[in-house]
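Undergrad: There's a structure below that I have some questions on.
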Amino acid sequence: MEAETSTPTPLNIHRLPTAYLPSLPPAAESYDDHRDAHTPIVIDNGSTTFRWGFGTSSRPFTGPNAVAKYKERKTNKPLLLFGEAIDAESGARSQTKTPWEGDVLLNFDALENALDYAFIQLGPATFASADLELMFELYQVPSLAYCVDGIMSFYQNHLPPSSQPFAANGLAISFNTASTSVIPILRGKGVLSLAKRIPWGPSQASDYLLKLIQLKYPSFPTRVTTTQTNWMLHNFCEVATDFPGLLRRLRDPLNLRASEVIVQFPFALPVTEEKTEEELARIAEKRKEQGRKLQEMAAKTRMEKLLQKESDLQYLTNLKESKGVDSRREWMSKLQAEGLDSEAALDETIKKLENDLKKTRKKDAGEADDQQEEPSFPLVDVPDAELDEEGLKEKKKQKLLKAGFEARARARREKEREREEKEREEKREEEEREADLGGWSRKLRSEQEALMAKIKERSRRRAALNDRKSAAAQARMKNIASLAADDRVGPKAKKRKGGGEDTFGADDADWAIYRKINTAAPSSDEEDDIAQLQVIEQKLLQHDPTFTNQHTHASITTQRSALITAFRPIYEEGDIEGNTRIHLNTERWRVCEAYFSPGMAGVDSAGLAEVIQNLIPSFIPSRSNPTSLDYLADRQAVMQNLFITGAASQIPGMKERLHDTLQMLLPPGSKISVTRAEDPLLDAWKGMAAFSQTEEFGRVGMSKAEYEEFGGERVKRWWGGNWNGEVALDRMGQGDDDMQVD
């Protein structure tokens with residue numbers, strides 16, 4: 001599949017939201033209306049959002065569940081910031097603490113600060129010393145009841161008439177920040193003995209999305225944070241009804257590009273100083289002036305060198321003429337003082353200077369160089385007996401010069417012969433091309449494909465040798481072993497001749513074994529193939545209009561497939577705006593798929609489908625589980641009525657995926673209903689507020705006397721509370737219906 005030549009203009013671009021200023025804190029509600037009314041205070045201590053308010057209010061106060069202790073720099077006054085106020089001070093962000101660590105409440109100091117803020121906003125400010133940690137001792141509350149948020153959200157969406165008890169049936173799935181809880185509700189009671197919790201939520205999903213982005217963009221110019229990936233998760237991610245089928249559809253690059261969402265991060269364009277035409281003309285004139293100065297300096301340097309060579313030539317010429325005037329000893333001493341050993345060296349130096357001066361003058365005059373005249377070697381044919389010691393040295397030197405000259409002449413003749421042969425071949429090929437261009441092109445293309453296949457096979461074999469278990473690697477080891485056990489030299493011959501005769505290399509085929517076992521060194525055959533391939537491609541590019549640069553071997557081996565290009569488009573190096581974009585395509589569904597397959601994100605846990613499947617035998621009888629169950633119709637209604645709540649329940653496709661999951665797991669013909677909470681973010685608090693206005697609320701709360709009797713590790717067992725560490729209501733003088741739950 002061929003790569004796209006250029007990145008198309010993206011259409012679905014979303015700019016990353018800029019930092020926002022925190023909103024004003026809510027005004028404190030007047031406590032006068034609740035002073036003697038015993039109005040319950042409802043607090044939803046979520047790991048992300050803290051919600052509080054009176055039970056009679058229609059909506060709660062909300063804020064991020066985080067606190068920070070910060071010392072103001074101007075007045076050096078310590079401050080305690082809560083919620084959005086932390087964003088107002090940049091130095092306070094590093095001091096932020098939350099009460100929760102995942103799904104575990106650990107930071108009780110942060111919880112105490114959050115509760116202080118909530119109670120101050122609600123009005124009652126009568127609490128004891130700060131050293132006490134428990135609600136009864138710190139805030140002097142008269143009664144305290146704990147609720148499960150998923151059950152309370154289910155209660156809010158299935159409110160019974162005032163005269164009837166709560167008896168709804170359903171399977172509540174609560175999507176929390178760091179986990180997902182599945183709670184069966186049978187006849188209005190949460191069956192927490194069958195409740196399951198999956199350690200996957202938006203917190204882990206945001207981290208997972210961040211890792212996928214870092215893997216996809218290892219050198220992204222801007223730092224990507226979990227806050228930004230959390231925004232991407234809630235705005236662009238979806239749940240696929242059929243994830244494998246979706247991946248099959250996204251194999252088409254066009255579908256992949258159509259499904260992508262592009263997140264544009266902030267960027268700053270480089271500031272380029274624009275110059276006027278006068279300034280540009282002034283700069284051009286300045287460059288021309290600098291060029292003229294450089295040319296003048298170069299001409300001056302050449303003239304100085306020319307004058308120096310002329311002076312040296314005149315001096316050496318005078319030195320040669322003084323041979324008949326001075327004595328031989330004086331003349332030889334002058335010659336040696338100039339670094340010359342003999343008169344022949346002097347003649348050679350003079351000749352070289354004359355040639356240099358001649359070439360320089362012709363170059364300055366613009367004339368072409370004459371053909372190099374053939375040198376003469378007069379002493380080569382002179383017998384040695386007729387020469388003295390100096391003559392013998394000069395004869396030996398002339399022999400070497402003659403051999404070099406003849407070798408160069410042979411090389412020139414060989415090049416000329418090759419040139420003529422190449423011209424004849426090109427002429428023959430041109431005639432063939434003019435006669436049948438299509439046939440000529442097909443012939444060269446077949447040769448190109450054969451060479452590319454050969455090069456590809458070499459690369460494949462080289463890659464296979466990296467795997468020691470591959471057939472190629474095992475064949476290489478056999479070749480090495482055969483070299484070590486070469487029996488061409490017998491042991492008797494070795495013993496008789498003291499090692500024997502090594503005949504390796506007598507056959508040219510012996511050296512081919514090194515090419516098989518030495519995979520790191522480049523092969524000469526491969527270099528020849530690449531050179532031949534380049535020649536063929538140049539001919540095709542020149543004469544075949546249908547052959548473009550995209551068909552060359554270099555382009556094919558370096559281009560990215562259209563699918564990879566669609567998965568992560570590559571922008572030009574200078575495109576700052578394009579290089580600060582993140583293309584989300586498969587990640588949009590992959591992150592949410594971890595709710596159903598946590599193993600794909602490295603979490604060792606069952607997914608939602610498997611958890612629901614394991615709950616079915618406890619509510620719907622089957623042939624493999626013929627145990628009789630009480631309240632059979634109600635139990636079947638539990639599995640047929642799925643209720644989802646929490647922020648993640650609003651992810652597109654979640655409701656449809658759960659419906660298909662139930663339809664696949666339940667018996668054919670089962671009526672299935674999947675409903676989402678009317679307000680997934682606030683229905684848990686609203687359900688608690690609505691329940692606090694009923695008569696039953698007074699029976700499920702733990703009073704201070706009961707706290708003093710049972711301690712702070714016990715709460716009452718009731719249909720909306722957590723059974724872990726519970727005390728049954730009958731121990732406190734109240735009964736509870738027996739129900740088969742296991």
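The values are calculated or read from the model by the stated rules, or taken from the named source; none is laboratory data. Everything quoted here is computed from the prediction, not taken from an experiment. All Cβ positions, even for glycine, are placed from backbone atoms using ideal geometry, and neighbour counts span all protein chains on display. The area values use the complete protein model at the heavy-atom level, side chains included, leaving out ligands, DNA and RNA. Shrake-Rupley method; radii C 1.70, N 1.55, O 1.52, S 1.80 Å.
Undergrad: Enumerate the calculated ³J(HN,Hα) couplings along segment 669-680 in order (Karplus 6.51 cos²θ - 1.76 cosθ + 1.60, θ = phi - 60°), each rounded to whole Hz, writing x wherever the residue is Gly or Pro.
TA: Result, rounded to whole Hz: x, 6, 7, 10, 10, 10, 10, 9, 4, 4, 10, x.
Undergrad: Now a separate question. At 0.36 nm per residue, and after removing the present C-alpha to C-alpha distance, how many nm does the segment from Gln650 to Glu695 gain when stretched out fully?
TA: Result: 12.9 nm gained on full extension.
Undergrad: Ranked highest first by the average count of other Cβ atoms within 10 Å around their residues, in what order do 442-453, 41-52, 152-163 fall?
TA: Packing order, densest peptide first, comes out as 41-52, 152-163, 442-453.
Undergrad: Let me ask something else about it. Under 5 Å between amide hydrogens, which residues at least 5 positions from Arg717 or on another chain qualify, with H placed 1.01 Å from N in the peptide plane?
TA: Amide H neighbours of Arg717: Val727, Ala728, Leu729.
Undergrad: Just to check I understand the Karplus step: with θ = phi - 60° and J = 6.51 cos²θ - 1.76 cosθ + 1.60, what whole-Hz values come out for segment 412-420, glycine and proline as x?
TA: 5, 5, 5, 5, 5, 5, 5, 5, 5
Undergrad: Take each of the peptides 314-322, 407-415, 539-547, 78-86, average the number of other beta-carbon atoms within 10 Å over its residues, and list them starting from the highest.
TA: 78-86, 539-547, 314-322, 407-415
Undergrad: First check a/c for segment 171-309, with a ≥ b ≥ c the square roots of the eigenvalues of its C-alpha gyration tensor; if it is under 1.5, answer rounded, and if not, answer prolate when a/b is larger than b/c or oblate otherwise.
TA: Because a/c hits 1.5 or more and a/b exceeds b/c, segment 171-309 counts as prolate.
Undergrad: Same structure again: Under the rule of at least 5 residues apart or a separate chain, name every residue whose amide H is placed under 5 Å from the amide H of Ala172.
TA: Ile183, Ile185, Phe643
Undergrad: Place a label point 7 angstrom from the Cα of Asn722 along the Cα-to-Cβ direction, then list the residues of segment 46-67 whose backbone nitrogen is under 17 Å away.
TA: Flagged as within label range: 46-51.
Undergrad: Stretched out fully, how many nm does the piece from Asn235 to Arg302 gain, at 0.36 nm a residue minus the Cα gap?
TA: 16.8 nm
Undergrad: Still on this structure: Rounded to the nearest whole Å³, what is the per residue volume of the convex hull around the Cα atoms of segment 647-700?
TA: So the per-residue hull volume is 126 Å³.
Undergrad: Shifting gears a bit: Show me the ranking of peptides 220-229, 380-389 by mean Cβ neighbours inside 10 Å, starting with the highest.
TA: Order by mean packing, descending: 220-229, 380-389.
Undergrad: Calculate the spin-label point distance for Leu294 paired with Leu387, positioning each point 7 Å from the Cα along the beta-carbon direction, and give it in nanometres.
TA: The answer from the label model is 5.0 nm.
Undergrad: Amide H of Asn65 versus every other amide H placed in the peptide plane: which residues, excluding those fewer than 5 positions away on the same chain, fall under 5 Å?
TA: Counting only residues 5 or more places away or on other chains, the set is Thr49, Phe50.
Undergrad: Something else: Give me the one-decimal nm value for the distance between modelled label points at Asp252 and Glu418, 7 Å along each residue's Cα-to-Cβ direction.
TA: Placing both labels 7 Å along Cα→Cβ, they lie 5.4 nm apart.
Undergrad: Would you compute, for the Cα atoms of segment 280-320, the largest minus smallest coordinate along each principal axis and list the three values in descending order, in whole Å?
TA: 60, 5, 5 Å, listed from the longest principal axis down.
Undergrad: Here's a follow-up. How far apart, in nm, are the 7 Å Cα→Cβ label points at Lys478 and Glu425?
TA: 3.8
Undergrad: Report the full-extension gain for the segment Ala450 to Ile672: residue separation times 0.36 nm, less the Cα-Cα distance, to one decimal in nm.
TA: Net length gain for the segment: 73.8 nm.
Undergrad: Something else: When N is the residue count of segment 210-270, what does its C-alpha Rg come to as a fraction of 2.2 N^0.38 Å?
TA: 1.34
Undergrad: Can you work out the FRET efficiency for the pair Leu215 and Arg462, with r the C-beta to C-beta distance and R0 = 25 Å, to the nearest 0.05?
TA: 0.35
Undergrad: Under the rule a/c < 1.5 gives rounded, and otherwise a/b versus b/c splits prolate from oblate, where does segment 377-467 land using the Cα gyration tensor?
TA: Oblate, because a/c is 1.5 or more while a/b does not exceed b/c.
Undergrad: Let me ask another. So, R0 is 35 Å and r is the distance between the beta-carbons of Asp528 and Arg568; what FRET efficiency does that work out to, to 0.05?
TA: 0.40
Undergrad: Tell me whether segment 571-725 comes out rounded, prolate or oblate; compute the Cα gyration tensor, take square roots of the eigenvalues as a ≥ b ≥ c, and use a/c under 1.5 as the rounded threshold.
TA: Note, shape of segment 571-725 comes out oblate.
Undergrad: Could I ask something else about it? On the full set of protein chains, 1.4 Å probe, figure out the accessible area of Val141 and give it in Å² to the nearest 10.
TA: That residue has around 20 Å² of solvent-accessible surface.
Undergrad: For segment 265-282, in order, what is each residue's ³J(HN,Hα) by Karplus, 6.51 cos²θ - 1.76 cosθ + 1.60 with θ = phi - 60°, in whole Hz (x at glycine and Pro)?
TA: For segment 265-282, the Karplus-derived couplings read 7, x, 8, 10, 6, x, 7, 10, 7, 7, 10, 6, 5, 5, 5, 5, 5, 5 Hz, x marking Gly and Pro.
Undergrad: Quick one: accessible area per residue over segment 286-327, 1.4 Å probe, rounded to a whole number of Å²?
TA: 85
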